Amino acid sequence: MKKYFKYALTVAISIFFVSCYEVNEDIEINADGSGTYVTKMDMSALIDMMQTYAGEEELQKEGLDRVLDTTVLFKSLLDSNKDATAEQKVLMKDGKMKMQMNIKEKIFKLDMSFPYKDLNSLQQLMSGKAGGGTGMSEALKNVFGKKEGDQDAAAPKGPDMGDFAGIYNVTIKKDLIEKKVNQEKYKEFMARPEMAQMKQLTSSGMEILYTTTIKLPRAAKKSDNPLIKLSPDGKTVTMKYNLLELLENPEKFAYSIQY
């Protein structure tokens with residue numbers, strides 16, 4: 001029971017991954033094409049689910065009632081991560097994850113930050129090639145003490161942010177940021193068995209607030225999506241939407257930004 005429960009949080013996140021939090025995607029692009037790609041996730045609503053399924057006594061017994069404020073460097077996990085591709089390891093090697101968890105205060109936040117050296121790397125990051133289920137699950141195993149030889153709890157794998165990002169073809173150039181729907185990948189994504197349950201969340205009126213903020217090296221000249229808002233100087237692009245709407249109409253959140 002002890003082995004199972006310490007890993008149960010990771011399993012729970014896999015199942016409820018996209019139904020329990022708000023996401024802020026913050027991208028900064030420097031004049032030389034380098035920058036930072038940051039995702040900030042507030043999963044505090046997951047605390048209620050944990051308390052419902054486990055109860056306060058079990059959480060205390062397993063030490064999950066303790067206050068956590070820790071940072072995990074992805075480079076310390078990559079050698080043992082058999083699921084990460086060579087491409088993912090390059091993207092993730094300088095990344096880090098900051099985790100805050102306080103059961104009593106109902107706080108559960110994960111921030112992942114990836115510096116990148118060129119626009120091609122940013123293109124891969126925005127395509128969901130790093131920081132999705134593979135990176136996060138390994139980091140959470142590290143934080144919650146899953147040891148070598150422990151068996152993963154059997155559970156269906158829910159979609160993560162990398163899966164959602166993967167339905168778009170992303171193009172990044174020195175004067176262009178573009179996201180267009182890949183219809184084949186979208187159809188494959190929606191054909192997954194768990195997506196029927198996800199679509200029920202949409203019909204129930206549930207919202208997953210997703211905000212993308214892009215800081216450009218110079219002012220934007222043109223964008224083709226009415227959801228995009230520009231700062232007064234044109235250098236900061238912001239787009240806010242309900243992620244679950246993507247299941248019904250992914251084209252609504254495609255865009256092209258010229259700068």
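The values are calculated or read from the model by the stated rules, or taken from the named source; none is laboratory data. Just so we're clear, the structure is a prediction, and the values are computed from it rather than from any experiment. Don't worry about glycine lacking a Cβ; one is built from the backbone with ideal geometry, like all the others, and counts go over all protein chains shown.
Checking each residue in region 101-118 for being over 16 Å from the mean Cα position of the chain (by Cα), at pLDDT 90 or above and buried (at least 17 other Cβ atoms within 10 Å of the Cβ) picks out only Y116.
Could we say that E184 is under 20 Å from the mean Cα position of the chain (by Cα), of a type in the set (D, E, K, R) and outside any strand (DSSP E or B) here?
In short, no.
Considering the conditions (1) farther than 20 Å from T171 by Cβ; (2) at pLDDT 90 or above, V237 is excluded by exactly one of them, (1). Out of the residues in region 203-225 that are farther than 23 Å from M161 by Cα and of a type outside the set (A, V, I, L, M), state the one that is surrounded by the most Cβ atoms within 10 Å (Cβ to Cβ). It comes out as S223. If only residues of region 240-253 that are crowded, with 17+ Cβ neighbours inside 10 Å and within 17 Å of V170 (Cα to Cα) are counted, the one that is modelled with the lowest pLDDT is L246. When region 46-83 is limited to residues that are under 18 Å from L110 (Cβ atoms) and among the β-branched types (V, I, T), the one that is modelled with the lowest pLDDT turns out to be I47.
Which of the residues belonging to region 28-45 are hydrophobic (A, V, I, L, M, F, W, C) and farther than 13 Å from P115 by Cβ? Of everything in region 28-45, those that are hydrophobic (A, V, I, L, M, F, W, C) and farther than 13 Å from P115 by Cβ turn out to be A31, M41, M43, A45. In region 91-119, the residues that are over 29 Å from Q51 (Cα atoms) and touching a residue at least 12 places away in the same chain (Cβ under 8 Å) form Cβ pairs under 9 Å with partners that are assigned to a loop (DSSP other than H, G, I, E, B) and among the hydrophobic types (A, V, I, L, M, F, W, C), at six or more places apart or across chains, as follows: L91/A130; M92/L77; M92/A84; M92/A130; G95/A130; F114/A130. Within the bounds of region 176-199, is there any residue that is among the polar types (S, T, N, Q), within 19 Å of G166 (Cα to Cα) and exposed (fewer than 15 other Cβ atoms within 10 Å of the Cβ)? Yes, some residue in region 176-199 is among the polar types (S, T, N, Q), within 19 Å of G166 (Cα to Cα) and exposed (fewer than 15 other Cβ atoms within 10 Å of the Cβ). Applying the set (1) buried (at least 20 other Cβ atoms within 10 Å of the Cβ); (2) at pLDDT below 85; (3) assigned to a helix (DSSP H, G or I) to L122 leaves exactly one unmet item: (2). Can you tell me which residue within region 202-259, out of those that are among the basic types (K, R) and in a loop (DSSP other than H, G, I, E, B), is nearest to D42 (Cα to Cα)? Result: K235. Being among the aliphatic types (A, V, I, L, M), at pLDDT 90 or above and within 26 Å of K117 (Cα to Cα) is a description that does not apply to A191.
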